[in-house]
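Trainee: Below is one structure. I have some questions about it.
The values are calculated or read from the model by the stated rules, or taken from the named source; none is laboratory data. Not measured: the values here are computed from a predicted model. Virtual Cβ from ideal backbone geometry, glycine too; neighbours counted across all protein chains shown. Areas reflect the complete protein model, heavy atoms only, side chains present, ligands, DNA and RNA absent. Shrake-Rupley method; radii C 1.70, N 1.55, O 1.52, S 1.80 Å.
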Amino acid sequence: ALMFIINLSASSQENVFIKRLGFSVTKELTKNFDLTLNPELRLGEGLSTEEFLVESSLEYQPIKYFSIQGKYRFETNPRENLETEYFHKYALDLKGKYKIDRFKFQLRTRYTNYSEYDTDYGLLNPYLRYRLKTEYNIKKSKITPFASVEYFYQMTDDEFKKVRYALGFDYKIKKRNHISLEYHYQDYLKKDYARNVI
């Protein structure tokens, strides 16, 4: 994983490093329904505020290996010397998961009207996002490492715009609480540009 990150950082692309800080709270409404609230602060170069968002989602799990999740996100990007913009975003996720020994795999397909950091956030900007994620349950450890790869397909232009690689881990504090640290490398396939996100 370390060699992978070094190779990506050494490429000729313009690399930008940004930070994200957030938390999420989930409430089990019934056996099959979960409600989640997730505020997040996104910082650009240095400690400048790039975006602030609040996302809510409702997830329904009809069977053990499959769930459907609807999301709504309100987002704002306060900017110096420019008018603040406000965005309304939505997403519909179909998620399948399967466990093999200590490995857990998840395949998610998302239909949405956004792809992080696009200039067009309108409702007529449909994306399909395909993500494969795996995590490993280390025996007698509070740490659970994970990795994923996600492709962003812009439906109007009929092409893949971006790929995101992620590495990270969850640290279990209590039965219902954990802290996560995650690194994203986002390659904008049609541009000589990449983002590194912590």
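Trainee: Determine the relative contact order of segment 47-198: mean sequence separation of Cα pairs under 8 Å and six or more apart, normalised by residue count, in whole percent. Intermediate values should be presented prior to the final figure.
Mentor: Details: 344 pairs, mean separation 18.1, N = 152.
In percent, rounded to a whole number, it is 12.
Trainee: With the contact rule set at Cα under 8 Å and sequence spacing of 6 or more, what percent relative contact order holds for segment 22-94? Present the calculation step by step, with values, prior to reporting the outcome.
Mentor: Working: 151 pairs, mean separation 16.4, N = 73.
Over segment 22-94, the number comes to 22 percent.
Trainee: In debye to the nearest 20, how big a dipole does the chain give about its Cα centre with +1 on each Lys and Arg Cβ and -1 on each Asp and Glu Cβ?
Mentor: Working: 33 positive and 27 negative charges, 322 e Å.
Rounded to the nearest 20 debye, it is 1540 debye.
Trainee: At 222 nm, what helix-only mean residue ellipticity would the chain give, in deg cm²/dmol to the nearest 500, using -39500 (n - 2.57) for each DSSP H run of four or more?
Mentor: -1000 deg cm²/dmol
Trainee: Still on this structure, I have one more. Under 10 Å, Cα contacts only: if you run a Gaussian network model on the chain, which one of L43, L181, L92 comes out with the highest mean-square fluctuation?
Mentor: L181
Trainee: Quick one: if you stick a label point 7 Å off each Cα along the C-beta vector at D157 and L21, how many nm between them?
Mentor: 3.3
Trainee: Over segment 41-198, with the other protein chains present, what is the accessible area per residue in square angstrom, probe 1.4 angstrom? Could the numbers behind the result be given before it?
Mentor: Numbers: 9670 Å² over 158 residues.
Per residue, segment 41-198 has an accessible area of 61 Å².
Trainee: Can you give the Rg to Rh ratio for segment 45-198, taking only C-alpha atoms and Rh from Kirkwood? Walk me through the intermediate numbers first.
Mentor: Details: Rg = 17.2 Å, Rh = 17.5 Å.
Using only Cα positions, Rg/Rh for segment 45-198 is 0.98.
Trainee: With all protein chains present, how much of the accessible area of segment 143-187 (probe radius 1.4 Å) comes from carbon and sulfur, to the nearest whole percent?
Mentor: On the way: 1500 of 2670 Å².
Carbon and sulfur together cover 56 percent of it.
Trainee: Of all trypsin sites (Lys or Arg not before Pro) in segment 52-85, which ones are in loop regions per DSSP and have a Cβ with at most 14 other Cβ atoms within 10 Å? Write out the running numbers ahead of the final one.
Mentor: On the way: sites: K64, K71, R73, R79; in loops: K64, R79.
Those that pass, being in a loop and sparsely packed, are K64, R79.
Trainee: Using a 1.4 Å probe, how large is the accessible area of V25, given in Å² and rounded to the nearest 10?
Mentor: 90
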